[in-house]
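Asker: The structure's right below; bear with me while I get my questions together.
The values are calculated or read from the model by the stated rules, or taken from the named source; none is laboratory data. Everything numeric in this text was worked out from a predicted model, so none of it was measured. No Cβ is skipped: glycine too gets one built from the backbone with ideal geometry, and neighbour counts run over all protein chains shown. Heavy atoms of the whole protein, side chains included, go into the accessibility calculation; ligands, DNA and RNA do not. Shrake-Rupley method; radii C 1.70, N 1.55, O 1.52, S 1.80 Å.
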Amino acid sequence: MWHHHDAEDEMFMVIKGELHMKWRESNGSEHDDTICPGEFIIVPHGTEHMPYTLEETHVVLFEPATTLNTGNVQNERTVADLQKI
C-alpha cells in the first residue's frame, strides 16, 4: 500500500530474506529497490513508498514511537497501539 509519513523518517534493516521498496520521487517517477540481509534503506519523511516482500523476511524497523505503520493512510491494516522493545 502506497503511503508516506508527514514528519517521521524510517530505517528498514534486513536481517533475513529480501525487502523490496517501491518509492516515488516528487516528479512522479517510480523506483523499486531490493534490500538484502545486512543492508538497510532510509525513507525520508514525505516520501511516498510501499515496502513488500516475496518471501518470509525479517526486518528491524527504526522509527519514532509516534509513527503509524500505514502513514497517512488509515484502514484495517493500521496498528495504532504499537509494541515496544
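Asker: So, P51, is that one open to solvent by less than 60 Å² (accessible area, probe 1.4 Å) and at negative phi or not?
Answerer: yes
Asker: Looking only at the stretch 31-45, which residues are part of a loop (DSSP other than H, G, I, E, B) and open to solvent by less than 50 Å² (accessible area, probe 1.4 Å)?
Answerer: Correct list: C36 only.
Asker: Further question on the same structure: Go through (1) loosely packed, with under 12 Cβ neighbours inside 10 Å; (2) at pLDDT 90 or above; (3) closer than 16 Å to M13 by Cα for P64 and report which single condition fails.
Answerer: Failing condition for P64: (2).
Asker: Further, regarding this structure: Condition test on G28, is it at pLDDT below 95, at positive phi, assigned to a loop (DSSP other than H, G, I, E, B) and not charged (D, E, K, R)?
Answerer: Answer is yes for this residue.
Asker: Going through the stretch 8-22 one residue at a time, which ones are in a strand (DSSP E or B) and open to solvent by 70 Å² or more (accessible area, probe 1.4 Å)?
Answerer: Those that are in a strand (DSSP E or B) and open to solvent by 70 Å² or more (accessible area, probe 1.4 Å): I15, K16.
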